Each structure stands twice: as C-alpha cells, then as structure tokens.
Amino acid sequence: MFANFLINGAINSSIYALIALGFSLTFGVAGIVNLYHGAYYMVAAYLVYFFITSGIPSFISVVLSLLIVMVLGAFLMKYPILYLQKKGESIYILIFTLGSAYFTQYLFKLLFGASYYSIPSFYDKSTKILGEVIPGSRLFAFIVSVITIILVLLFINKTKFGKQILATSQDKYAAELVGVNTSMIFVVTMSLAALLSGIAGIVISPFLSISPNMWLTTLLKAFSIVILGGLGSIPGSIIAAFFMGYLESFVSLVWTSSMTEVVFLVIVFIFLIFRPTGIMGKKTI
Amino acid sequence: MALLDINNLYKKFGGLVATNNITFSVEKGERVGILGPNGAGKTTIFNQVSGFIKPDGGEIIFNGENIIGKSPEFIAKKGIVRTFQIVKPFKGMNVYDNLKVATLSPKMKEEIKNETERKKWIEYIIDICELKNVAYTMTDLLPQGYLKKLEVAKSLAIKPKVVLLDEPFAGLTHSEIEPISKVIIKANEVSGTSIVLIEHRLKEFMQLVERVIAIDYGEKIAEGTPEEIVKNKKVIESYLGKGGEEIVNS
Amino acid sequence: MYIFPVFKDYYLLNVFSIAVIYAVYAASWDFLSGFTGKENFGHAAFIAIGGYMIGFISSVYPIKPFLSIPLAAVVSAIFGILIGLPTLKLKGPYFALATLAVATIFEKLSISLSDLTGGEEGIYGIEFLTQGQISSFYFVLTFAVLAILIMYILGKSNFGLILKSLRSDEDAARALGIKINFYKISAFAVSSMFAGIAGSIVAHFYGYIGPDIVYPLSLNSIIMAVVGGIGGIVPAALGGFFLTFISEMLSEFGDWNQLLYTVVLILSTLFLPSGIFNYLGAKIRTIGSKAGEK
Ligand SMILES: Nc1ncnc2c1ncn2[C@@H]1O[C@H](COP(=O)(O)OP(=O)(O)OP(=O)(O)O)[C@@H](O)[C@H]1O
Ligand SMILES: [Mg+2]
C-alpha cells in the first residue's frame with residue numbers, strides 16, 4: 001500500500017509538474033494566464049490518436065502532433081493574445097483563452113464524438129519497484145516527464161536564448177532596452193509551454209482516456225499548482241506539483257479517489273485566502 | 001499642539017529602513033514641503049500617514065488622536081487625504097463622476113444632504129480646479145496635465161483638513177503647473193487646508209511651501225524655511241548635489 | 001397587462017422563458033464582475049445554491065414557490081457574502097481561480113453526493129412554478145423584468161458608481177475614504193441573490209434541478225455578459241436573452257450549436273470587446289445626438 005502511494009504519487013507529481021511548468025513559464029515570462037493551456041494537452045492526445053489510427057508509425061505521430069501543438073501555441077500568442085494584451089484589460093485574455101478551449105472541446109466532440117479513446121503503450125514492460133508492479137506506460141510517463149523538465153530547466157538557465165527568456169521574465173522593459181525581442185520571446189515561450197503540455201497529454205494517453213473534456217481538470221490543476229507555488233515561480237511550481245500529486249495519492253489511499261479533486265480544490269481555495277502569493281512568495285522564476 | 005504630529009515614524013522593508021524615526025509636525029493652514037532624492041522615503045511617509053502601509057513604530061497624532069495603524073478609510077474620514085505619485089483616475093467614467101465618487105465618501109455624508117447640494121459642490125470643485133471644459137470627458141481620454149489636476153481635485157472634494165500631495169507637478173510643463181499650483185494655494189487660503197507637498201520641481205516647490213523637511217535615506221536631515229534649506233550643507237550634498245544651487249537660483 | 005403575442009405552441013413559450021431567466025444570470029454576473037472588475041468564473045455556484053436548495057427541500061417536503069423563492073433569495077445572498085468575505089483581496093487570476101475552484105467543488109460534490117443530489121440525474125419532482133405554461137411564463141417574465149430593473153437602477157445609482165470606481169482603482173477609492181469592503185460584499189450579495197433566485201425559479205419551472213442546467217452556466221454567464229456588453233446590466237441581459245434564444249432555437253443542431261456559441265464569444269472578445277449591445281447603444285446615441293444637433 002505504502003509503496004504504491006509513494007510510486008503513484010511520484011508519477012502523478014511529475015506529470016503535474018510538467019504541465020504546470022509551461023503554465024508557469026507563460027505567466028512568468030509574458031504575464032499571461034493562459035486558460036488554453038489544458039487544451040494543448042488534449043489536442044496533442046487527440047492528434048496522436050488520430051495519426052496512429054491512420055496507420056502512421058507511433059514515433060512520427062508523436063513528433064507530428066507535438067509540432068502542430070507548438071505551431072498552435074505560437075500562433076495563439078503571436079496573433080490574438082498579443083493583440084489583446086496591447087489593448088490592455090487582461091480579462092479579455094482570460095475569456096478568450098477559456099472560450100478557445102471550449103471551442104476546441106466542442107470541435108473535437110464533433111470530429112471524434114463523445115467516446116473515450118486511448119492509444120497503445122509506448123513501452124509496455126512492467127517493472128517491479130519496492131514490491132509494486134508498475135505498468136510500463138506509467139513508468140514511461142514518469143521518466144519522460146522528469147527528463148523533459150530537466151531539459152527545459154537546462155535550456156532556460158544555460159543557453160543564450162534561455163537567458164533572454166529569463167531576462168524578459170524579470171523585467172520586460174529592461175530586456176527590450178538591451179535588444180531582446182520580447183514579442184518573439186513570448187511566442188517562443190508559449191510554443192514551449194504548448195510542447196510541454198502536449199508531451200504530458202501524449203504520455204498519459206495510454207493509461208488515461210482521451211476525451212473532449214480532459215482539458216478542464218488538467219487546466220484547473222495546472223492553474224492551482226502554479227498559484228500554490230507562487231505565480232511565475234518555477235521552483236515553486238515544481239514543489240507544489242509534488243505536494244499536490246502526493247496529496248491526491250494520499251486522499252485516494254485513506255479516503256476515496258472520487259474525492260481527490262474536491263480536497264485538492266478546497267486546499268487551493270484555503271491557500272488563496274491565506275497566502276495568495278503562494279509558497280514561494282514573489283516572482284523568482 | 002499641531003494639527004498633525006508625526007513622531008519617530010519607523011518603517012523597515014526587509015533589510016531596508018525606509019523611514020528612520022522621522023519626526024515633524026504640520027500646523028493648521030500650513031504649507032509644508034518634503035524634499036529628498038529618489039528613494040529617500042518620501043512616498044513611504046505618505047503611505048504610512050494615510051494608512052496604506054502599517055508603520056513598524058512611532059506615532060501619528062492627528063487632532064489629538066493617535067491614528068497609527070488605522071485603515072486608509074478611517075484616516076480619510078478623519079480628514080487626511082493623499083494623492084498618488086502615479087495618478088489614479090477612475091477610468092471608464094468622466095471627470096464629473098470621478099468627483100462624485102469623492103463626494104460619496106463617508107467624510108461628506110454630513111456635509112452633503114441631497115443630490116442638489118452634491119451637484120453644487122462638484123461644480124464648485126470643477127470650477128476652482130479649472131476642469132470645466134473637460135467635466136464630461138472620460139478620464140481615459142484626458143492628457144496628463146488634466147489627470148494631475150483631477151488627482152488634486154478629487155482630494156479637495158472631500159473637504160480634507162490635510163492634503164498629502166505626492167509630486168503633483170511631475171511630468172508637467174511650466175504652464176501646466178501654474179493652474180495646479182494656484183488651486184493648491186486657493187484651497188489652502190480659502191479653506192485653511194493644510195498642505196503637505198512632495199515635489200522634485202524645486203522652483204515651483206520652493207515658491208509654494210512655507211517650511212521644508214528634507215530627508216535622505218529615510219532620515220530627516222534638515223528642517224527650515226525654503227531659504228534656509230537651499231543653503232543647508234547637508235541638503236545640498238544629498239539632494240542638490242553638483243549644480244543644484246544653479247537650479248534653485250534660476 | 002402584457003401586450004404579448006399569445007404563443008400558439010408551448011415550445012416557443014418555453015424557449016422564451018428560459019431566455020429571460022438566462023438574461024438574469026448574465027445581468028447578475030455583470031452586477032458583480034462587470035461593475036467591480038472581480039471576474040467571477042464560478043457564477044454557477046450561486047445558481048446552484050438557489051436551485052439545489054429547492055431540490056433538497058422538495059425531496060422531503062413539497063415546498064411551494066411563494067415560500068421557496070424568498071428563502072432562496074436569503075440563502076443565496078448569505079452564501080454570496082460568505083464567498084465574498086474571504087476573497088475580498090483577491091483580484092484577476094487569483095479571484096478567477098478561487099471562484100472556479102468553488103464552482104468545481106460544487107459540481108464534483110453534486111455528482112458524487114448522489115444520495116442527496118441525485119448525482120448526474122439530478123432531482124425530479126419539484127413543484128411546478130404555476131399550474132399552466134402561460135402563467136409560468138408570465139411569472140418568469142415578471143421576475144426577470146423586475147430583477148433586471150432593480151439591478152439596472154442600482155447600477156445607475158451612486159452605489160453603482162462606487163462599484164465602478166472599485167473596478168478602476170480600489171486604492172484611489174480607499175484614499176477618499178470609501179469603505180471598499182462594504183461595497184464589494186454588497187455587490188456579492190446582490191449578484192448571488194439574483195442568481196440564486198433565478199436558479200430556484202428554474203428548478204420550479206422545470207420541476208427539476210441537475211448538474212446539466214447549472215454548471216455550464218459558469219462559462220455561459222461570462223459569455224452572455226461579455227458578448228452583450230458589461231458594466232450596464234441591460235446590455236448583458238440582452239446578451240443573455242438573445243444568445244440563449246438563438247442557441248435554444250438552434251438546439252437541434254446539437255454540438256454545432258455549442259461550437260457556434262464559442263465562436264461568437266471568441267469573435268466578440270477580439271473585435272467587439274465592449275459588447276454588441278454596448279456598441280449598438282453607443283451608435284444609437286451618437287446618431288441621436290447628431291439628429292438633435294440639426
Ligand atoms: N512596499 C514596499 N516594499 C518594499 N520596499 C519599498 C516599498 N515601498 C517603498 N520601498 C522602498 O523604500 C524606499 C523608499 O521609497 P519611496 O517610494 O518612499 O521613495 P521616494 O522618496 O518617494 O522616492 P521617489 O522620489 O522616487 O518617489 C525605496 O528604496 C523603495 O524601493
Ligand atoms: Mg515617491
């Protein structure tokens with residue numbers, strides 16, 4: 001039981017961290033709360049399903065889907081979101097991104113119907129850890145999430161481009177003064193966020209179902225984790241992701257899995273009231 | 001006892017002491033200036049006196065009552081009103097309605113008995129602040145000069161006993177400053193409102209105030225008439241620096 | 001009394017009734033969010049309080065509308081205050097998440113506590129609003145007109161002006177001595193009260209309350225109000241009325257209808273952010289004043 005809790009908590013947490021990382025980056029760098037973030041996750045999952053069932057090899061399906069999601073993210077930032085941001089009134093960005101997510105939901109419902117789908121596992125050898133049998137697809141999701149997070153952190157902290165992203169997140173105007181094209185940074189960041197969310201959507205697809213409303217809970221969790229970690233703080237988001245991942249495992253261990261989300265949201269609400277700046281306080285990215 | 005007595009006002013932000021035992025007082029009907037370089041702690045004094053930031057120590061005695069740590073709403077009702085360095089007009093409404101919001105403050109409940117009186121009062125404020133030609137213009141469309149005026153007008157609209165004006169001239173041309181300066185003097189002379197003014201525009205500042213409190217790094221370094229202050233060594237070093245005297249003498 | 005076409009078929013009458021109720025949903029969203037700038041992403045929670053309360057009572061005692069509606073008004077106003085108090089300081093995305101969380105908690109509980117709520121199925125057997133379709137329609141219409149009128153008058157009043165000042169700058173209002181918390185809490189109470197009454201009326205109107213007629217309204221209220229135009233109650237209400245009317249008329253197209261609904265939202269945030277009816281209102285006024293000049 002306890003080993004199960006430990007392992008499943010780690011798997012959930014790593015996926016949450018992956019999704020939250022992109023959401024946090026978009027906020028930290030561009031100051032945008034992107035309610036479309038969960039939709040990238042869904043779009044990638046459906047695309048992979050579609051390509052694989054059309055007979056395209058798995059690997060190519062995945063690459064193709066991720067590319068499309070990245071282009072979608074870049075497009076959304078470059079045109080509608082930056083346009084709305086210039087006009088001020090961030091509420092319209094919230095509404096636009098939420099509306100677009102629902103649009104995507106209804107579109108997919110029309111295209112694919114309301115049924116649940118799933119895709120074959122990318123890696124299906126089960127492994128025994130601490131006496132628990134872990135399905136290959138879950139282990140795969142965990143490993144991919146962790147590696148991706150590490151790569152992204154290296155990219156941001158070590159490359160020149162990543163440093164420009166950091167500079168933009170700290171002070172947009174100062175970054176512009178030293179010649180950073182911040183609009184382009186915004187676009188790339190969104191594209192990266194879409195990629196991360198997309199990867200998460202694909203690695204969970206073999207063991208969670210693909211459905212037209214899968215984006216909303218995901219969005220809500222990413223949003224909650226990022227607020228809990230302190231909007232815009234990457235270390236905060238990762239810590240919060242693990243906190244929430246384990247909290248869920250804990251609730252389903254001692255109570256029932258149907259209450260995990262309720263407990264999660266109650267904690268988020270309480271946190272918002274008593275510590276709206278999150279565990280890491282101010283923006284530290 | 002003065003109208004407003006500030007004793008040993010102390011505020012720390014993390015490791016930074018923003019106001020270090022600042023003491024000064026403001027008499028009824030007086031025009032006091034606060035002078036100091038950027039980051040000296042001037043706005044932080046206003047933030048504490050107006051209740052927007054809780055001081056870590058000291059006393060703020062207004063009309064014999066210690067108002068330290070009270071809410072901005074409470075302090076405004078008592079009669080201290082502040083303006084903001086970066087103007088805060090109510091957007092999405094016109095100048096008239098901006099002033100109307102001010103007249104709806106609890107401070108004005110007893111003063112204004114009905115809507116006719118309210119209208120009269122708003123029109124009076126519009127008149128003395130020379131806002132007539134923009135009275136029905138949305139604030140979103142107003143140029144900076146008018147917004148600065150509106151900021152002062154809103155504060156005067158609640159008939160304050162003390163007005164704390166945070167850089168009301170910043171970013172304005174000389175010709176834009178004059179009418180605001182006149183309004184301030186008028187409010188002071190007609191209604192006996194005490195004025196506390198923060199300004200970097202030395203020439204206009206020195207003409208307007210009767211007494212200056214100079215601060216640097218959160219500490220009071222000098223106090224005196226404008227003439228005394230511009231000759232004070234400490235002030236010249238800290239604030240005016242090289243070439244400072246020229247500005248003052250010009 | 002009402003100069004209204006006598007509807008030959010009840011279908012249209014039904015659609016009309018629902019559309020006016022939805023107008024109240026949109027208007028009550030506007031009263032809190034459009035005025036004070038605290039964008040509520042969980043309006044359905046307010047609606048749920050009214051609707052489900054009637055459902056719970058009805059499952060033990062067949063409560064009549066004349067009793068239940070005032071009860072719903074009180075309970076939902078109190079609930080609004082209870083949500084308003086802790087979230088007073090939250091703004092923008094923080095407030096959005098807090099309200100989204102509340103509504104989602106409600107939704108999950110409505111579905112999982114099925115002993116009490118009937119789960120996905122909802123609760124049936126609630127007393128009908130009145131004995132007949134036509135009288136029910138008039139009841140709904142009277143309520144909607146009154147509710148919208150009250151919110152409109154409040155919005156136009158000095159009270160509404162203060163709410164609008166909060167939307168722009170809370171600190172500027174506090175500096176003048178305005179008791180901002182009192183006004184924010186009042187806006188919560190009014191908004192949730194009307195949403196809750198509307199929710200309870202819907203429950204009586206259908207004789208049913210369930211997740212399908214409550215929870216989509218968190219988003220829909222925003223869509224209706226934003227597409228109609230915020231900050232003036234009537235444009236939001238018109239947005240609610242027309243969007244619902246059109247969408248109900250097109251409901252046979254099923255999912256296409258929902259897709260269209262979101263397209264309208266996206267296009268209007270991009271190209272007409274002030275809202276269709278605010279825009280039309282401004283147009284009519286300029287034409288009017290031009291004609292006046294001549
Ligand atoms: N809320 C705050 N939190 C942390 N530090 C603050 C805060 N407010 C002010 N400070 C710091 O306190 C110091 C004094 O700031 P203050 O705004 O009072 O300066 P000022 O004299 O008004 O300067 P200026 O002329 O530029 O307006 C500054 O170093 C500022 O960064
Ligand atoms: Mg300052």
TODO: Find the residue count for the range B:104-129, including only residues that are open to solvent by less than 70 Å² (accessible area, probe 1.4 Å), at the interface with chain C (Cβ under 9 Å from one of its Cβ atoms) and part of a helix (DSSP H, G or I).
DONE: 4
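Results for (1) in a strand (DSSP E or B); (2) within 16 Å of ligand 2 (Cβ to nearest atom); (3) open to solvent by less than 10 Å² (accessible area, probe 1.4 Å), shown as yes or no for each residue.
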site	(1), (2), (3)
B:I184	no, no, yes
B:V190	no, no, no
B:V196	yes, yes, yes
B:H200	no, yes, no
B:F205	no, yes, yes
B:A214	yes, yes, yes
B:I221	yes, no, no
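Quick check on my filter: what residues within the range B:68-87 are more than 10 Å from every other protein chain (Cβ to nearest Cβ), more than 16 Å from the chain's Cα centre (by Cα) and more than 22 Å from B:N7 (Cβ to Cβ)?
Across the range B:68-87, there are no qualifying residues.
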TODO: Mind telling me which of the residues A:L72, A:L76, A:L94 ends up being more than 14 Å from every other protein chain (Cβ to nearest Cβ) and aliphatic (A, V, I, L, M)?
DONE: A:L72
TODO: Return the only residue of A:A175, A:A240, A:A194 being closer than 30 Å to A:L107 by Cβ, among the small types (G, A, S) and open to solvent by less than 60 Å² (accessible area, probe 1.4 Å).
DONE: A:A194
Task: Residue that is surrounded by the most Cβ atoms within 10 Å (Cβ to Cβ), among those in the range C:127-138 that are in a helix (DSSP H, G or I) and in contact (Cβ under 8 Å) with a residue 40 or more places away in the chain - done: C:F137
Task: Whichever residue in the range B:189-199 is away from ligand 1 (no atom under 16 Å from the Cβ) and farther than 23 Å from B:F74 by Cα and, among such residues, is nearest to the other protein chains (Cβ to nearest Cβ) - done: B:V190
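I'm checking my understanding of the structure. Among residues of the range B:33-67 that are among the polar types (S, T, N, Q), more than 14 Å from chain C (Cβ to nearest Cβ) and surrounded by 15 or more Cβ atoms within 10 Å (Cβ to Cβ), which one is farthest from ligand 1 (Cβ to nearest atom)?
Across the range B:33-67, the extreme among qualifying residues is B:N63.
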Open item on the list: From the list A:Y102, A:Y123, A:Y116, A:Y92, exactly one residue is out of contact with any Gly (no Cβ under 9 Å at 6 or more places or on another chain) and surrounded by fewer than 20 Cβ atoms within 10 Å (Cβ to Cβ). Which is it?
Closed with: A:Y116
Open item on the list: I'd like the full set of residues that are away from chain A (no Cβ under 14 Å) and either closer than 20 Å to C:S192 by Cα or of a type in the set (G, A, S) (or both), limited to the range C:106-138.
Closed with: C:G118, C:G122, C:G125, C:G132, C:S135, C:S136
- [ ] Could you list all residues from the range B:150-178 that are open to solvent by 20 Å² or more (accessible area, probe 1.4 Å) and either within 16 Å of ligand 1 (Cβ to nearest atom) or assigned to a helix (DSSP H, G or I) (or both)?
- [x] B:A170, B:G171, B:H174, B:S175, B:E176, B:E178
Open item on the list: Just to be sure I understand, how many residues within the range B:68-95 are surrounded by fewer than 22 Cβ atoms within 10 Å (Cβ to Cβ), within 16 Å of ligand 2 (Cβ to nearest atom) and of a type in the set (V, I, T)?
Closed with: 1
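The values are calculated or read from the model by the stated rules, or taken from the named source; none is laboratory data. Please read all numbers here as calculations on a predicted model, not as lab measurements. Cβ atoms come from the backbone with ideal geometry, glycine included; neighbour counts cover every protein chain shown. Areas reflect the complete protein model, heavy atoms only, side chains present, ligands, DNA and RNA absent. Shrake-Rupley method; radii C 1.70, N 1.55, O 1.52, S 1.80 Å.
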